Amino acid sequence: MKVTPIFHSPNQLLVGDAPLVGVLDLPPSATNHERPPIRMFFPATSSGHRSRRRIKQARYFVDNRVSYVLQGFAHIALARHTTKLYRFILRPLMWMISLFFPVRFLKIPDTVLVDTKEGDASVRYDNSNESNRKNQSLVMFSHGLTGTGEENAIFCTALAKPKRGYVVACIHHRDGSSSRVPMPDGTCKFYEHLPNGDDYDPRYRLEQVSFRAKEFLYATRWLLGEECGGGGGGDEYDNHPILQQIRPNLDANKVIASGFSYGSTTCSLAATMEPKRFQCAVMLDGWFHVDFSSKGFEFDFPPEAFGQDWPSSNNSDGGGKRRNKNVDHTDGLTIPSIFINSAQFEGYQKLYASTKKLTNNINSHNIKEGDTTTTIPESTLHVIPNTKHQNFCDVGFWLPRLVLNRMGKLLALGDADFFEAQKDILDLTVNFLKQF
């Protein structure tokens, strides 16, 4: 009799002949405040003198800080972190819950965790495939609203697993959109709640995503070695052994922008700001429309990716429109992109219409009518049936199947088989990237 495993296993998603996937966590720099925290995934190999059974595998959360993440969400959903309720009840409660939370005991398969400060002589970047030498693609990944990037670890690991895989850099944004993020001075920044009702200013999200896009671009340049020694006092991780192995193999012309939800918004703006920087983009369930029609405004998001100006603000500019000075966005987003959506987001008519508009705009710019000679890949839009927003994250690997079956709707998971939905997302992504 076949026994059903307690948890969904991601093992079959991690397909490839690279021996391991190295995971390097780069915390905020004390000397380079421009660089955000980054989690890197890369094809890796381990030298023979260290037994594979002794290799320290990476966990889903950096330093296994489960309580850290739970406390961030308690701040978002229950009580602000400055309140007595949070400090004396919620924070210790989240810490106690974290001791028994299933994900605390889970590890990311086929990974090896690299020492952050000194590296590890027994773990190296795997460049044994000659086609990767000086030709390695870099995938930059931006997390969603309230996220940290750790919830997309399997997607990032899967892209790095093939020997001809990718170096993937997941950015932890410091703009107030993350549930909780470490800052250079040793403090933490919690999610910033927006004012409600008449006090809501649409410009907040516009400025926030602009900040995220600048972080995205700076992190890209830093990883390529273009910003080493920057930030005024340099960066103490500039010369990390793993970065020294990877950087000479990265091809600055093969950078891929990617993100989930608000991260898709972020990378679409970054690629609009510097279109020559990126080869293509992967958008997972992107947030491309802000609808406050009840307050008198709605707009495609980010406007620059659609070739539009910022909408008017009810509070500060007297109803005028303003151009983002950081980008010449006349053409909008122009790089080939794949948009992979949940059925939930397809059901939001205005959001889905904006996503289709963005897809069509890119194709209209790159593929002229009647042109049969173009070599530019077509931008495409796909919907994964019976899925919701969290089907694009790792939550389905963190909790027992029984919990998922009972609480799937509460966790924003659709009726689709969780593993099969993840496989479809990865298959669509990999097949799209094979064109480049």
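Quick notes
- Of everything listed in (1) without any contact (Cβ under 8 Å) to a residue 12 or more places away in the chain; (2) part of a loop (DSSP other than H, G, I, E, B), the single unmet condition for Gln244 is (2).
A quick yes/no check of all residues on (1) under 22 Å from Phe432 (Cβ atoms); (2) assigned to a helix (DSSP H, G or I); (3) touching a Gly at 6+ places or on another chain (Cβ under 6 Å):
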site: Thr355; (1), (2), (3): yes, yes, no
site: Asn361; (1), (2), (3): yes, yes, yes
site: Glu378; (1), (2), (3): yes, no, no
site: Leu381; (1), (2), (3): yes, no, no
site: Thr387; (1), (2), (3): yes, no, yes
site: Asn391; (1), (2), (3): yes, yes, yes
site: Val403; (1), (2), (3): no, yes, no
site: Ala412; (1), (2), (3): no, no, no
site: Glu420; (1), (2), (3): yes, yes, no
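Condition check ((1) out of contact with any Lys or Arg (no Cβ under 6 Å at 6 or more places or on another chain); (2) surrounded by fewer than 18 Cβ atoms within 10 Å (Cβ to Cβ); (3) modelled with pLDDT under 95) across all residues:
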{"residue": "Leu85", "(1), (2), (3)": "yes, yes, no"}
{"residue": "Ile108", "(1), (2), (3)": "yes, no, no"}
{"residue": "Ser122", "(1), (2), (3)": "no, yes, yes"}
{"residue": "Tyr125", "(1), (2), (3)": "yes, no, yes"}
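- Enumeration of residues in the range 420-436 that are open to solvent by 30 Å² or more (accessible area, probe 1.4 Å) and under 21 Å from the mean Cα position of the chain (by Cα): Glu420, Lys423, Asp424, Asp427, Leu428, Val430, Asn431, Lys434, Phe436
- Remark: pairs (first residue in the range 93-112, without any contact (Cβ under 8 Å) to a residue 60 or more places away in the chain; second residue surrounded by 14 or more Cβ atoms within 10 Å (Cβ to Cβ) and not in a helix (DSSP H, G or I); Cβ separation under 7 Å; 6+ apart in sequence or on different chains) = Lys107/Gln57; Lys107/Ala58; Lys107/Arg59.
- Where a residue in the range 362-374 is open to solvent by 60 Å² or more (accessible area, probe 1.4 Å) and its partner, wherever it lies, is modelled with pLDDT of 65 or more and in a loop (DSSP other than H, G, I, E, B), with Cβ under 9 Å and at least six apart: His365/Asp331; His365/Gly332; His365/Leu333; His365/Thr334; Lys368/Thr374
- Inclusion of Asp25 among residues that are of a type in the set (D, E, K, R) and modelled with pLDDT of 95 or more is warranted.
- Some residue of the range 247-266 being part of a helix (DSSP H, G or I) and either open to solvent by 40 Å² or more (accessible area, probe 1.4 Å) or among the basic types (Lys, Arg) (or both): yes
- Number of the exception - Phe73 against (1) over 25 Å from the mean Cα position of the chain (by Cα); (2) assigned to a helix (DSSP H, G or I); (3) surrounded by 14 or more Cβ atoms within 10 Å (Cβ to Cβ): (1)
- Of all residues in the range 35-56, none are at pLDDT 85 or above, closer than 28 Å to Val181 by Cβ, of a type in the set (Ser, Thr, Tyr) and surrounded by fewer than 23 Cβ atoms within 10 Å (Cβ to Cβ).
- Hey, Phe392 touching an Asp or Glu at 6+ places or on another chain (Cβ under 9 Å), at pLDDT 95 or above and of a type outside the set (Gly, Ala, Ser) or not: yes
- Which numbered condition Val66 misses (of (1) more than 23 Å from Lys189 (Cα to Cα); (2) open to solvent by less than 30 Å² (accessible area, probe 1.4 Å)): (1)
- Scanning the range 127-156 for residues that are out of contact with any strand residue (DSSP E or B) (no Cβ under 6 Å at 6 or more places or on another chain), under 21 Å from Trp222 (Cβ atoms) and open to solvent by 10 Å² or more (accessible area, probe 1.4 Å) yields Asn127, Lys134, Glu150.
- Candidates Phe345, Phe288 - the one that is closer than 23 Å to Gly176 by Cα, modelled with pLDDT of 95 or more and of a type in the set (A, V, I, L, M, F, W, C): Phe288
- Only one entry in Leu433, Leu413 is free of Cβ contacts under 8 Å to residues at least 60 places away in the same chain and not hydroxyl-bearing (Ser, Thr, Tyr), namely Leu413.
The values are calculated or read from the model by the stated rules, or taken from the named source; none is laboratory data. Computed from a predicted structure; not experimentally measured. Heads up, the Cβs are rebuilt from the backbone with ideal geometry, glycines too, and the neighbour counts pull from every protein chain shown. The protein model used for the area step is the full one, side chains on, heavy atoms only, and it has no ligands, DNA or RNA in it. Shrake-Rupley method; radii C 1.70, N 1.55, O 1.52, S 1.80 Å.
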